[in-house]
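The values are calculated or read from the model by the stated rules, or taken from the named source; none is laboratory data. In this text the structure is predicted, and so the values were computed from the model without any measurement. For neighbour counting, all protein chains shown are included, and Cβ atoms are generated from backbone atoms with ideal geometry for every residue, glycine included. Each accessible area value is taken on the protein alone, full model and side chains, heavy atoms only, with ligands, DNA and RNA left out. Shrake-Rupley method; radii C 1.70, N 1.55, O 1.52, S 1.80 Å.
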Amino acid sequence: MHFVIDAMKPTDWEQVRVIYHEGIATRNATFETAPPTWEKWNTSHLPFGRLVARANDAVLGWAALSPISDRCCYAGVAEASVYVGKSHRGQGIGAALLRAVIDLSEKHGIWTLQAGIFPENAGSLVLVRKCGFREVGRRERLGQLDGVWRDVLLLERRSKVTGV
C-alpha cells in the first residue's frame, strides 16, 4: 500500500478520532474508554510531534508525542503513541509512523521516548522493540479498565543523537 507520512492537521481530527476509537475498542491499547475532544487532545500533546500516514485524503494511522511532566528537568522526555486503523494494520504503517516520530523527536531535543503498553498488546510490543525500545519495568495493577485491574509495561528508547 502506498502512503506518505505527513504532519497532522486539525482537519485530520475526525479521521484520527475514528482510528483512536478503534484502538480503544480493542481494550488493549489504552485505559481511555472514549476519544477526547479535539481541544483536550490538542492541549495534551506536543505541537511538533503529530504525524499521520496518509493515502490520498484518507488517514490510515497516526502518531503523537505527549509530555510526561511539566517539570523542566523532563523537557526531553515524551510518551509516544501510535494508532493504525483497523483495516490497515499489519502493512508497515505503524513502523513507518513510529520511526518518523522518533526522528522528529530527536530533531526537537527529546532524549527519551517512553511507551506504556498492556502486556496483552503483543503487536505493539513487537513494534516498539523493533524500533529500539526496551522494557524497563512492569507497573502492576496500575489502573482499572472495565472493572479489571491491568498491568502496564513501561518501555523506553534513548536517543542516539544525544548519546544518553
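Hey, any hits in the stretch 103-111 for a residue that's open to solvent by 10 Å² or more (accessible area, probe 1.4 Å) and touching a strand residue (DSSP E or B) at 6+ places or on another chain (Cβ under 6 Å)? Let's see the steps before the verdict.
Within the stretch 103-111, the first condition is being open to solvent by 10 Å² or more (accessible area, probe 1.4 Å), and the residues that meet it are 103-104, 106-109, 111.
Of the ones still in play, those that are also touching a strand residue (DSSP E or B) at 6+ places or on another chain (Cβ under 6 Å) are none.
Within the stretch 103-111, not a single residue is open to solvent by 10 Å² or more (accessible area, probe 1.4 Å) and touching a strand residue (DSSP E or B) at 6+ places or on another chain (Cβ under 6 Å).
Would you be able to say whether some residue in the stretch 57-68 is open to solvent by less than 20 Å² (accessible area, probe 1.4 Å) and either among the polar types (S, T, N, Q) or at pLDDT below 95 (or both)? Explain how you work it out, then say what you get.
First pass over the stretch 57-68, keeping only residues open to solvent by less than 20 Å² (accessible area, probe 1.4 Å): 59-66.
With the extra rule that they be either among the polar types (S, T, N, Q) or at pLDDT below 95 (or both), the set shrinks to 66.
Among the residues of the stretch 57-68, at least one is open to solvent by less than 20 Å² (accessible area, probe 1.4 Å) and either among the polar types (S, T, N, Q) or at pLDDT below 95 (or both), which makes the answer yes.
Which count do you get for residues in the stretch 44-56 that are open to solvent by 10 Å² or more (accessible area, probe 1.4 Å) and either out of contact with any Pro (no Cβ under 9 Å at 6 or more places or on another chain) or part of a strand (DSSP E or B) (or both)? Reasoning before the result, please.
Of the stretch 44-56, the ones open to solvent by 10 Å² or more (accessible area, probe 1.4 Å) are 44-48, 50-51, 54-56.
Now narrow it down to the ones that are either out of contact with any Pro (no Cβ under 9 Å at 6 or more places or on another chain) or part of a strand (DSSP E or B) (or both): 47-48, 50-51, 54-56.
Residues in the stretch 44-56 being open to solvent by 10 Å² or more (accessible area, probe 1.4 Å) and either out of contact with any Pro (no Cβ under 9 Å at 6 or more places or on another chain) or part of a strand (DSSP E or B) (or both): 7 in total.
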Problem - In the stretch 77-99, residue farthest from the chain's Cα centre (by Cα) [restricted to those that are over 24 Å from Glu32 (Cα atoms) and open to solvent by 30 Å² or more (accessible area, probe 1.4 Å)] - result: Gln91
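Search the stretch 145-164 for residues being at pLDDT below 95 and not β-branched (Val, Ile, Thr), and hand back the single one that is surrounded by the most Cβ atoms within 10 Å (Cβ to Cβ).
Here is the first cut: in the stretch 145-164, the ones at pLDDT below 95 are 159-164.
After this cut, where a residue has to be not β-branched (Val, Ile, Thr) as well, the list is 159-160, 163.
Working: Ser159: 17, Lys160: 11, Gly163: 7.
By that ranking, first place goes to Ser159.
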Problem - Any pair with Cβ under 7 angstrom, 6 or more apart, that starts in the stretch 24-37 at a residue that is in contact (Cβ under 8 Å) with a residue 12 or more places away in the chain and ends at one that is among the basic types (Lys, Arg) - result: Pro35/Arg17
Practice task
Please state which of the following conditions Ala115 fails to meet, knowing it meets all the rest: (1) open to solvent by less than 30 Å² (accessible area, probe 1.4 Å); (2) under 16 Å from Phe31 (Cβ atoms); (3) without any contact (Cβ under 8 Å) to a residue 40 or more places away in the chain.
Solution key: (3)
Handout entry: Given (1) over 17 Å from Val128 (Cα atoms); (2) part of a loop (DSSP other than H, G, I, E, B); (3) open to solvent by less than 60 Å² (accessible area, probe 1.4 Å), index of the condition Tyr20 fails
Key = (2)
Completion exercise
Checked against (1) under 16 Å from Ala29 (Cα atoms); (2) at pLDDT below 95; (3) of a type in the set (Asp, Glu), Glu79 satisfies every condition except (2)
Problem - The lone exception for Leu142 - which of (1) open to solvent by 40 Å² or more (accessible area, probe 1.4 Å); (2) closer than 28 Å to Glu14 by Cβ; (3) of a type outside the set (D, E, K, R); (4) in contact with a strand residue (DSSP E or B) (Cβ under 7 Å, 6 or more places away or on another chain) it fails - result: (2)
